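Any read-out appearing in this document is the output of simple, stated calculations on the displayed coordinates, not a laboratory observation. What you are looking at is a predicted structure, and each value in this text was computed from that prediction instead of being measured. Because the Cβ atoms are built from the backbone with ideal geometry, glycine has one as well, and the counts that use them run over all protein chains shown.
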Amino acid sequence: MSAHSLSLERVPPRAKPLSPDDRRAALVTATVPLLVEHGRTVTTKQIADAAGIAEGTIFRVFDSKDDLVAAALDEALDLEPFISQLLEVDPDQPLGALLLEVVELFQHRFERVFTLMSRMGMLGPPKARRHMEAERERVATILQALAEPHRDLLRVPPAQLMHMVRLLTFSGTHPHISDGHPLTAADIVDTVLNGVLKTPTTTQDT
């Protein structure tokens with residue numbers, strides 16, 4: 001066997017080309033973190049480098065950079081991954097632990113969305129995401145179901161508890177609403193469950 005034949009045997013087979021749909025999905029995935037980092041100033045070269053492709057390949061599956069950015073925004077704002085995480089929360093764990101897990105999930109999402117919207121100069125979700133209202137209602141239904149096993153412990157309905165948790169988490173995580181001093185997940189849960197007043201025992205001890 002010749003040296004030439006041996007060298008040919010060492011050449012790995014070419015990767016199977018991606019379908020247009022798979023290529024679009026790969027580009028969207030590569031673009032999302034770049035939008036969080038660079039906003040609208042991201043370049044197609046940066047996207048191509050992140051995706052490991054030639055820059056011209058982008059325009060085989062997207063008409064323009066704007067079209068790719070719009071698709072990436074839609075992906076970044078998609079609630080389905082967050083909903084899947086909520087569905088994995090154990091409703092039978094102690095209420096404090098349950099709320100802490102839920103708040104941490106919300107904070108992670110809010111922080112990512114707030115950063116993305118700031119980088120993109122956005123004041124609200126794009127028109128293509130206006131159907132998010134139905135998704136939010138689905139989230140509210142899941143949250144109520146999580147709190148339902150703990151109804152007997154509450155002075156308010158489970159839905160109201162989770163509504164308050166959600167509102168306090170949003171405002172306490174937003175960099176402007178919180179004046180740059182965001183609340184921790186533990187702070188939020190403690191405030192919702194215990195308030196800010198001293199207990200009678202604590203008052204007597206002071």
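Using only alpha carbons, the chain has a radius of gyration to Kirkwood radius ratio (Rg to Rh) of 1.16. Each Lys and Arg contributes +1 and each Asp and Glu -1, all at the Cβ; summed about the Cα centre of the chain, the dipole is approximately 660 debye.
Quick check: pseudo-label points 7 Å beyond the Cα along Cα→Cβ at I142 and H38, how many nm apart are they? Reported label-point gap for I142 and H38 is 3.2 nm.
Of the residues K65, K45, the one with the fewest other Cβ atoms within 10 Å heads the list, and the complete ranking is K45, K65. Helix 95-120 axis versus longest C-alpha principal axis of the chain: approximately 50°, rounded to the nearest ten. Ratio of Rg to Rh for segment 100-198: 1.00 [Cα atoms; Kirkwood radius as inverse mean 1/r over pairs].
Computed per residue of the chain from DSSP H runs no shorter than four, each worth -39500 (n - 2.57), the mean residue ellipticity at 222 nm is -20500 deg cm²/dmol.
Taking the longest Cα principal axis of the chain as reference, the axis of helix 132-147 is set at about 50 degrees.
Here the residues I177, I188, ranked from fewest to most Cβ neighbours within 10 Å of their Cβ, fall in the order I177, I188. When the chain is treated as a Gaussian network with alpha carbon springs shorter than 10 Å, the biggest mean-square fluctuation among A134, A48, A70 belongs to A134.
Model label sites at S64 and H181, defined 7 Å from Cα along the beta-carbon direction, differ in position by 4.6 nm. Exposure proxy for M132, M162, M120: other Cβ atoms within 10 Å of each Cβ, ordered fewest to most, give M132, M120, M162.
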